[in-house]
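Single-structure report; data block below.
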Amino acid sequence: MSRKKKDWKTEKDRVLNMSLEERRKEYRRSEYVPLDQINTWKQSQSTEEEEEGKDLLRDKVSLYKGDITILEVDAIVNAGTVLCYYYICLIQEFVKLWLLARHFAVFALL
């Protein structure tokens, strides 16, 4: 195992074994927003409709507007990255179709 991988695993184990207070002492900024202060999608909706017994995505996902660098969370998903991937795939398919149509146009002229 390389030294870099060993150092990464050692650091991961160290952080996972720390208490929440110990982790907070290592933050670069003194201000942070804990997860329990971020409303879930369901909590931020104004509707009163309830669906009993269903494990809904809106109970697990939070939408946050603000400085994401102060969030005390394990992961942040950037939907823009996903959309960018789909747009690139769409453009690639368009180019393939354009090249195919161009090929047939040249073939029709012959």
Worksheet entry | Nonlocal amide H pairs with residue 33, under 5 Å, H built at 1.01 Å | 71, 72
Worksheet item: Between residue 62 and residues 5 or more places away or on another chain, which pairs have amide H atoms under 5 Å apart, with H built 1.01 Å from N, and which residues are they?
Response: 41
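Readers should treat all values here as calculations from the given coordinates under stated rules, not as data from a laboratory. What you see is a predicted model, and the numbers here were worked out from it, not measured in a lab.
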